Amino acid sequence: MFDRLSAWRPQALAALRIMTALLLIEHGTQKFFNFPPAEQPFGDLMNLIGLAGVLEVVGGLLILVGLFTRPVAFVLCGFTAVAYFMAHAPQSFFPVNNRGDAAILFCFVFLYLTVAGPGAFALDNRRG
């Protein structure tokens, strides 16, 4: 049974890539447009929060369409690791308490995309 599921590996990888990108983009739009509304608006974006927003929106869009997937995923993997250790880890040792579990998951999904590539439905596949 699992051998037959393996035939769907490229499409499943594409679903993981696309959903991860949509979730990351949402973090960026929250910083820039307060959409969806944040508990505490971010205010001035001319700092690391603004850089994070740019990486989330631009990187998320590139991952979404599957363009330059591997290098962008590599950058986003590092970005989300740094975000975890700068913003979340000082709050508490436990990710569930410091609200950093999403950053950890993003980090490892982007690490996987760096190694595995974009899967199906990606512009990288048309570039050759």
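All of the numbers you see were taken from the coordinates with simple rules; none came from a lab. Note that the structure is predicted; figures quoted are calculated from it, not measured. As a convention, Cβ positions derive from the backbone with ideal geometry for all residues, glycine included, and neighbour counts pool all protein chains shown.
Adding -39500 (n - 2.57) for every DSSP H run of four residues or longer, then dividing by how many residues the chain holds, sets the calculated 222 nm ellipticity at -19000 deg cm²/dmol. Please go through region 32-67 and write out the chymotrypsin sites (Phe, Trp or Tyr not before Pro) that DSSP classes as loop and that have at most 15 other C-beta atoms within 10 Å. Answer in residue order: F42. Identify the GluC sites (Glu not before Pro) of region 1-59 meeting these criteria: DSSP loop state and at most 12 other C-beta atoms within 10 Å of the C-beta. Counting only loop positions with at most 12 other Cβ atoms within 10 Å, the GluC sites (Glu not before Pro) in region 1-59 are E39. Placing R0 at 41 angstrom, the Cβ-Cβ distance between R99 and A7 gives a FRET efficiency of 0.60 after rounding to 0.05.
Rounded to the nearest 20, the Cβ-based charge dipole of the chain about its Cα centre (Lys and Arg +1, Asp and Glu -1) stands at 440 debye. Using only the alpha carbons of region 1-46, what is the convex hull's orientation-averaged projected area in square nanometres? Averaging across all directions leaves 4.7 nm² for the Cα convex hull. What do you get for the angle between helix 9-33 and the principal long axis of the chain? Use alpha-carbon atoms, 0 to 90 degrees, nearest ten. With both axes taken from Cα atoms, the answer is about 20 degrees.
How much of the calculated P(r) for region 14-120 lies past 22 Å, in percent of all Cα pairs?
I get 29 percent for the Cα pairs in region 14-120 exceeding 22 Å.
In a DSSP loop and with at most 15 other Cβ atoms within 10 Å, the trypsin sites (Lys or Arg not before Pro) in region 9-102 are R99. Each residue of region 67-83 is assigned a 3J(HN,Hα), and the resulting list reads 10, 6, 4, 5, x, 5, 5, 4, 5, 5, 4, x, 4, 6, 5, 5, 4 Hz, derived from the Karplus form 6.51 cos²θ - 1.76 cosθ + 1.60 (θ = phi - 60°), x at Gly and Pro.
To the nearest ten degrees, helix 101-116 and the longest principal axis of the Cα atoms of the chain are 30 degrees apart. Full extension of the segment from D44 to L23, taken as 0.36 nm per residue of separation minus the current Cα-Cα distance, would add 5.3 nm. Taking every C-alpha pair closer than 8 Å and separated by at least 6 residues, the mean separation divided by the residue count of the chain gives a relative contact order of 30 percent.
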